[in-house]
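Working notes for the structure below.
The values are calculated or read from the model by the stated rules, or taken from the named source; none is laboratory data. This structure is a prediction, so every number in the text was calculated from the model and none was measured. Cβ placement follows ideal geometry from the backbone for every residue including glycine, while neighbour counts extend to all protein chains displayed. For the accessible areas, the whole protein counts, side chains as well, though only heavy atoms, and no ligand, DNA or RNA atoms are used. Shrake-Rupley method; radii C 1.70, N 1.55, O 1.52, S 1.80 Å.
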Amino acid sequence: MSLNAKSTIESGKAILGIEFGSTRIKAVLIDEENKPIAQGSHTWENQLENGLWTYSIDAIWNGVQDCYADLRANVNKEYGVEIETLAAIGVSAMMHGYMAFNDKEEILVPFRTWRNTNTGKAAAELSELFVYNIPLRWSISHLYQAILNNEEHVKDITFLTTLAGYVHWQITGEKVLGIGDASGMLPINPETKNYSAEMIEKFNNLVKPYGFSWTLEDILPKVLLAGENAGCLTEKGAKKLDVSGHLKAGIPVCPPEGDAGTGMVATNAVKQRTGNVSAGTSSFSMIVLEK
């Protein structure tokens with residue numbers, strides 16, 4: 001047993017990262033030198049419902065609670081202490097997808113994950129409109145496909161986010177998203193570090209004939225950079241993570257991110273002319289160019 005790690009946890013200086021992967025939810029506790037000192041996990045699988053891949057809201061919360069409980073049990077076994085408070089918390093999750101909510105904070109249709117490829121027509125039309133490659137999995141593709149399909153729920157949307165953005169919102173009350181994950185909702189302008197105003201205008205004009213009460217900027221989460229204030233863990237949020245009731249509110253929570261960005265940080269492939277390859281549920285490479 002490391003006495004340093006024990007005192008780090010006891011003094012509330014440990015940092016918690018929670019990652020929602022496609023097959024596992026992971027919780028990792030690190031010390032002040034960024035060294036892992038404890039972890040927990042929960043295995044889960046997506047479901048095919050009405051031809052679309054999804055995870056239920058219950059599966060999300062049961063999963064993260066079981067994952068945190070596993071972390072807590074491991075900390076108790078290894079160090080003989082409880083996690084009462086932390087220096088910070090961060091949530092990351094599989095990027096993209098579609099989680100649409102109404103003004104009562106109710107999800108309007110089951111979470112549509114990055115695996116769904118039903119958005120071909122929308123992605124093609126948006127790629128042409130924006131003069132920019134819009135992948136099938138991006139949130140804007142899912143939204144426009146739902147509009148093309150005349151889905152009843154679209155008129156009731158007040159908030160559209162990703163899985164990481166949803167979990168962060170529920171534990172902090174903040175409707176925000178880290179810039180990496182946000183770039184999988186709608187392209188980001190590197191100058192403004194916000195959604196492309198030109199693309200927002202084009203999209204709003206495109207869907208104007210449908211007569212929705214919202215505009216795109218009304219329903220997207222606010223874009224935040226790494227290190228910016230993304231809110232703190234609320235009392236309700238603390239209970240959502242730790243059902244044992246030991247975890248205290250007030251812990252700062254960093255902007256929620258997508259798994260691509262966290263993978264780049266984990267492999268130190270964030271500098272120009274570096275790259276990384278992920279061989280997970282999907283295989284992809286990411287290269288950081290000069291611009």
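If you take the residues in the stretch 206-253 that are among the small types (Gly, Ala, Ser) and not in a loop (DSSP other than H, G, I, E, B), which one is surrounded by the fewest Cβ atoms within 10 Å (Cβ to Cβ)?
Ala238
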> If you check every pair at least six apart or on different chains, which have Cβ atoms under 7 Å apart with a residue in the stretch 270-283 that is open to solvent by 100 Å² or more (accessible area, probe 1.4 Å) first and a residue that is polar (S, T, N, Q) second?
Replying inline: Val277/Ser285
>> As an exercise: evaluate Val91 against (1) assigned to a helix (DSSP H, G or I); (2) over 22 Å from Asn116 (Cα atoms) and give the number of the one condition it does not meet.
In response: (1)
>> Exactly one of these conditions fails for Leu163: (1) open to solvent by 10 Å² or more (accessible area, probe 1.4 Å); (2) modelled with pLDDT of 95 or more; (3) not charged (D, E, K, R). Give me its number.
In response: (1)
>> Every residue in the stretch 173-186 that is in a helix (DSSP H, G or I) and open to solvent by less than 10 Å² (accessible area, probe 1.4 Å), please.
In response: Asp181, Ala182
> Can you name the residue in the stretch 125-160 that is touching a helix residue (DSSP H, G or I) at 6+ places or on another chain (Cβ under 9 Å), farther than 20 Å from Glu105 by Cα and charged (D, E, K, R) and is also surrounded by the most Cβ atoms within 10 Å (Cβ to Cβ) among such residues?
Replying inline: Arg137
>> Can you list residue pairs whose Cβ atoms sit under 6 Å apart, with the first residue in the stretch 173-191 being in contact (Cβ under 8 Å) with a residue 24 or more places away in the chain and over 20 Å from Tyr144 (Cα atoms) and the second being among the charged types (D, E, K, R) and open to solvent by less than 50 Å² (accessible area, probe 1.4 Å)? Count only pairs 6 or more apart in sequence or on different chains.
In response: Gly178/Glu257; Gly180/Glu257
> Which of the residues that make up the stretch 36-55 are farther than 18 Å from Thr113 by Cα and surrounded by 12 or more Cβ atoms within 10 Å (Cβ to Cβ)?
Replying inline: Ile37, Ala38, Gln39, Gly40, Ser41, His42
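Given the criterion touching a residue at least 24 places away in the same chain (Cβ under 8 Å) and open to solvent by 40 Å² or more (accessible area, probe 1.4 Å), identify the matching residue among Ala87, Ala100, Ala93, Ala122. Please lay out each step first, then the result.
Values: Ala100 fails: open to solvent by 40 Å² or more (accessible area, probe 1.4 Å); Ala93 fails: open to solvent by 40 Å² or more (accessible area, probe 1.4 Å); Ala122 fails: open to solvent by 40 Å² or more (accessible area, probe 1.4 Å).
Matching residue, one of Ala87, Ala100, Ala93, Ala122: Ala87.
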> Just one of Met99, Met94 is at pLDDT below 95 and not acidic (Asp, Glu); which is it?
Replying inline: Met94
>> Every residue in the stretch 13-35 that is under 14 Å from the mean Cα position of the chain (by Cα), surrounded by fewer than 22 Cβ atoms within 10 Å (Cβ to Cβ) and of a type outside the set (Ser, Thr, Tyr), please.
In response: Gly17, Gly21, Lys26
> Within the stretch 136-147, how many residues turn out to be assigned to a loop (DSSP other than H, G, I, E, B) and either in contact (Cβ under 8 Å) with a residue 40 or more places away in the chain or farther than 22 Å from Ile188 by Cβ (or both)?
Replying inline: 2
